[in-house]
Structures are given as structure tokens and as C-alpha cells.
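Structure record follows, encoded as C-alpha cells.
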Amino acid sequence: MIDQPMKQFLVPFLLLSLTLHSGAQDRKADSIFIGKTYTKMERMIPMRDGIKLFTSIYVPTDGTQRYPILLERTPYSCEPYGEENYASSLSWNNALVQEKYIFVTQDVRGRYMSEGNFEEMTPHQAVKNTKNDTDESSDTFDTIDWLLKNIKNNNGNVGIYGISYPGFYATASLPGAHPALKAVSPQAPVTDEFAGDDVYHNGAFFLMDNFSFYGGFDYPRPAPWKVYPSLFKDLNVTSSSFYKTIEPIGLANESYYKGQGKIWNEIITHNTYDDYWRARNIRPHLKGIKPAVLIVGGWFDAEDLFGPLHTYQAIEQLTPGNNCRILMGPWTHGAWAQNEWTTYANYYFDSNTSEKFKKIEFDFFEFYLKGKGSFSLPEATVFITGSNEWKSFSNWPPKETEGVSLFLNDREKLSLSPAKYEIASDEFISDPAKPVPYTDIYKGGRRRTNEYMGADQRFASSRPDVLVYQSEVLEDAITLTGPLGVNLFFSTTGTDADIVVKLIDVYPDNAPNPKPNPKGVFMPEMQQLVRADVLRGKFRNSLEQPEPFIPNQVTEVKFTLNDIGHTFKKGHRMMVQIQSSWFPLVDLNPQKFIDISKATHADFQKTTHRIYTGQKYPSRISVLKLK
């Protein structure tokens, strides 16, 4: 569903329909079936303000039954264009195609062949006083209304699904939903791009993802068209050191975007949580939700792990008595939609985990849109990494837990018990000229390595600018769930600092290597990443109002890492690593309180950071232990 010039950017960044069927033979078989079973139509559907949206519609040819409508709204094109040109796939879930639905894909407002102007994460308008007050909720409502009135043999029920950006459009359909909208599945939905999705994480800018993505996505469109060129199509990146050439970040615009990237300039300029970002946060509007909702996310989703977890939380909090469920598996961005998903990085899952998703998704739409079968999925269905088991819970995070803290202690120790000594500290020097890399394996190109969220961290633990805290060997297995609450006592000789925290599963020294072992993985003493994230220190108290650190003053720093569901097995150890750069995944912090979009080379400085521990300064990570 992505035009050729953009595939190099968007296919690895957002797992969409083109990647969801593997193998040319499978695609050919699917295409033959679709051509025999469905009739394709293309329509320009009018919205309430007169703007028309290009829509591709596939209707079962038998004409003997009424079918529900399954809609995907996307900014990535509903190609191939032309009623004579059939898609090779209508869905990542072939069982739905075989059982027959009216499949509809729509270019959203301002993208590809639709009219209008595109807005990044279109702000939701809770109150609409005129026909010109439109948003993605109203565009979805108007689309559904038109389809019900104009497409024959529909059964009056509509479902919506989508992965990533289309996942956002699925979420945006929920407020003020059309009465015919019965089932919605936001999958890895982009939700809050400043707090934790895609663009910023706790105020820290994710450089690699955004530089590469908007270079393909953000080309100015003078009129509806079928192809988006790249803003820098001739750029050949062979080394991750390329990103040092666009630091400070203003150099990216000066050298490559050159003022052409509207969205790029917006996200760089709006580098605090201001009205721009608040307007694009859909969560406060998830009130009074009536459709059944199935939220899907992946523990290794480098783009939108925050989104599914916090969309679920918002619906739970703002819509009492909702019909919402969450499914979290051991997947990268959209990997649940692949034909097979049995391994990731150095994790091996002992089963094809995508089969679980496809069965659940199939049953969800069959039940709510056709009234077939049953759908009794528990509130939360979660894959526990480490032990490789699916578990069901009546809520997420689970109630069947107790709170525990992982205390950082002196002598590089990590303990479930608080320290007995009064105070100690560990220091490291953070030098922007020699940042800690986010991975030890660079695969070339502008895009990040997709496996970093589960990668071996031994390359980092040996560095002098990474602090390491490790537990004793575990005498019993421990399963940790829910969000990780970071509470550190910190000081710096500068006035700003990034704080990167990693939770790691350390394997025993006699851990066997996998068989077969095509990657040549060495498992003994493997330091396998479980969860990591970053806080830009000036946002420690507020994403809206940044504050400088006072040099050398001990400061309590709190933030939250995304949820986990992980078993640390008997004989393993737990480890926490702390560092102050994660390059070039995250842009460089000058370590000086400044508007980083306007920083110059002269603003970057080497600083000394300290983590304090002990009874006076009990630095720790809080989490829930499954009983």
C-alpha cells in the first residue's frame, strides 16, 4: 500500500499491507482469489464540508448474502489505483478475506488521491458547530454513512482496523462513533507523539526514526497524486556516524530538509508539550465509547508501544463499563500480522505467536459484525517473555500482584531490599563527542536496527560511561508486570542531561546456545534487554515547563518506562544499566539548558553525572511482581 519511492522508508518503519503476506506464490494465490471473489470499485466520498476522499471498495461478487464493511483509513495510499487493478492482499488476516467482508480502504484527507489538506495527527474537535468543523472522527462517520447508503448488500455493521498511523485513525473513529460502527481494533496506534510514541519519548527526540520517516512522508503535495517522492532520494547512508553530521539538529533542516518538510519543522519547533501536541493527543476524548474495542500491541514495538497501553488505560478510565480488551504479544511494530513470528533478536518464543493474534482478530470481527461464533476473550491477553507463555488477566496491569522495588546499591549491586548504608554515589562522564551507541550492530541505511529492543547489552556494560547494577543469582523465578517506575537521585555538573534506563535479563554462564544457531548467538552471560527508555532531564517535573538542573545539586528524578510482562528465570540475574546518551536513536543533548533546535556546536559540553544510593537517597525501579 506504499508507492515505490517510499518503500525504503515506510515498510520497515510501519508494517503495512505490502509486507503482510510473505512469498510471491502466496501473493499470486491471494490475488487470483480476490479477482474471482470480489468486485472492485473506486469512489470519491463527500465529507460534510464538501471535501471528497478517495476510497477503494471490494465487494463480494456472489450477491446472495449481506456482508459487513471492514474499513481501513490510511495516509499510506490505497493503491493499486484503477478499478481494473486488484490488490494482491485485502487484509493481513487471510481468514477474513476467505470468509468475505466488504473491504474498504481510504486515502485520508490531504493524502494521495484524496482532496483537502493533511494535518499530522489531526486534532480532534469535541464540539462541532459548523459543517467545516471536521476531524478524523467526522470523516469516518461521513464515510460510514455514505457506504451504508450506497454499497449494496451490506448488513449494516461496520468494523475498523489499522496498524500504526492507520491505528490512530481507528482510535479516532471512537469518539462520536457512527451507530453502525460495532467493532474497532486499533493496532499499535500512534497516540501521543511527545510523551512516548514515534517523535519524542519523555521529551527526548528520536532522531533516526523521524529523520528517515519524514524524508519520505513529508514531501509537499501541490495536488492529489499517486506517488510521493523522497525529499532526499540520493542520500546514501553507509555509517551511523552520518547522524553526527546533522548534529546539532538544526543542521538536518539546513542540509537536507531545506525548509520543505512542513511536519518536520513543526515537530522540531514544538519541542515542549505545548498546544500543538496537546491538540494531537486523542486520549482525553475516549469518553462514552460504545463499539467493542480490541487493542493490539507488541512488547518489542520500537515505534508505538506507548500507544496501545495508554489507549487502553484511557478507555478504562474515561468509559466505565466499556467493552475493551487488550492483546500484547512478543512482537515488533505490526509483526503480529506476519505469517510467522517465532523469534526476535535473541528471543525464541517456542511457537508461531502470530497465529494467536489472527485467531483472536478473526473471532472478534466475526462475532461483532456477523454474529457468528463467540468472543469471550479476557480483559487482557498477554505473552510473558522469558517463560514464553500466554496469560489471561481480568485487568491490566494485573490485580494478582504485589509491588516490589529494585534498589540500586553501591558496589554495582541490585537488590529487592533497601540499602543499609546511609549514602553512596556512582559517577560517570558523559561526552557528546563520544556518545553511547544504541546498538553494536549497524546494518546500514538511515533506519535504525529493528532488533535493538531485545538486543544483547554486553557492548554497553563494558563502557565507562554506563553504570551497571546487577542482582545476585535468582534462587526462584520472578515474573514482573506493568509499568516500571523509575525513581533516581541524580546530579550533574551541567544544567541538562538525558537519562537512559535499561532493565536487563542476564543469563547464567552455562546457558546453552540455541539449536540451530544461524545468528551465531552466544548465550552464556547474555545481557538481554527487557525494557529501556529515556527522559530528557529538563522535563523531569513537567513536559510543558522544562527546568534546568542546578549543577552538583542532588535532584530526585522520576519517570515511567513502558509496561513489561517478563519472567526472570531461576539461575538468571536482573540488571539495570544507566547512561546519558543513546545515539543516534536519540539526538544528542548538549547537556546545557537550551532550546536544542537552536543549539550550536559550541553549546555541547562534557559533564559528570552521579547516581546516589543508600537510605538517604534510595534510587530504585518500582514494578509489580506476579503472585
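We did not get these values from a lab; they are worked out from the coordinates using the rules stated. Everything numeric in this text was worked out from a predicted model, so none of it was measured. Glycine also receives a Cβ, built like all others from the backbone with ideal geometry; neighbour counts cover every protein chain displayed.
At-a-glance table
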read-out: Charge dipole magnitude, Cβ of K and R +1, D and E -1 - region 401-626, Cα centre, debye nearest 20; value: 400
read-out: Theoretical gain in end-to-end length, D234 to S417 [0.36 nm per residue, Cα-Cα removed]; value: 60.3 nm
read-out: Length-normalised contact order for region 401-626 - Cα pairs under 8 Å, 6+ apart - percent; value: 39
read-out: Helix 136-150 axis, angle to the chain major axis (alpha carbon atoms, nearest 10°); value: 20
read-out: Burial ordering of L71, L588, fewest other beta-carbon atoms within 10 Å first; value: L588, L71
read-out: Gained length - D595 relative to E556, 0.36 nm times residue gap less alpha-carbon distance; value: 11.8 nm
read-out: Residues R278, R531, sorted so that the one with the fewest Cβ neighbours within 10 Å comes first; value: R278, R531
read-out: Loop trypsin sites (Lys or Arg not before Pro), region 412-503, which have at most 14 other Cβ atoms in a 10 Å radius of their Cβ (DSSP); value: K420, K443
read-out: Entry for Rg and Dmax of the Cα atoms in Å (calculated from the structure that is shown) out of (i) 26.5, 95; (ii) 26.5, 83; (iii) 24.5, 78; value: (iii)
read-out: Label-zone membership for region 88-106, site S31, 7 angstrom Cα→C-beta point, backbone N under 13 Å; value: 88-90
read-out: Which of N352, S376, P330, positive extreme of dipole for region 330-440 (C-beta unit charges); value: S376
read-out: Shape category assigned to region 401-626 from the gyration tensor of Cα positions, a/c cut at 1.5; value: oblate
read-out: Sorted by Cβ neighbour density within 10 Å, fewest at the top, the residues R536, R411, R283; value: R411, R283, R536
read-out: Under 16 Å from the Cα of K443 - aspartates and glutamates, other chains or at least 8 residues apart; value: D209, E451, D456
read-out: Among 186-198, 232-244, the order from most to least packed when residues are scored by Cβ within 10 Å on average; value: 186-198, 232-244
read-out: Euclidean distance of C-alpha centroids, region 71-87 and region 240-291, integer Å; value: 27
read-out: Label zone at A424, where the point sits 7 Å out along the Cα-to-Cβ direction: region 542-563 residues whose backbone N lies under 20 Å; value: 554-555
read-out: Within the chain, percent of DSSP bridges classed antiparallel, to nearest 5; value: 75
read-out: Point-charge dipole on Cβ atoms (K/R +1, D/E -1) for the chain, about Cα centre, debye to 20; value: 760
read-out: Sites S462 and E402, calculated FRET efficiency, Cβ-Cβ separation with R0 41 Å, nearest 0.05; value: 0.75
read-out: For region 428-503 versus region 533-554, the gap between their alpha-carbon centres in whole angstrom; value: 19
read-out: Qualifying aspartates and glutamates (Cα of each under 14 Å from Cα of K100; at least 8 residues distant if same chain); value: D30, D62, D363, E366
read-out: Three-way shape call for region 252-340 based on the alpha-carbon gyration tensor, with the a/c threshold at 1.5; value: oblate
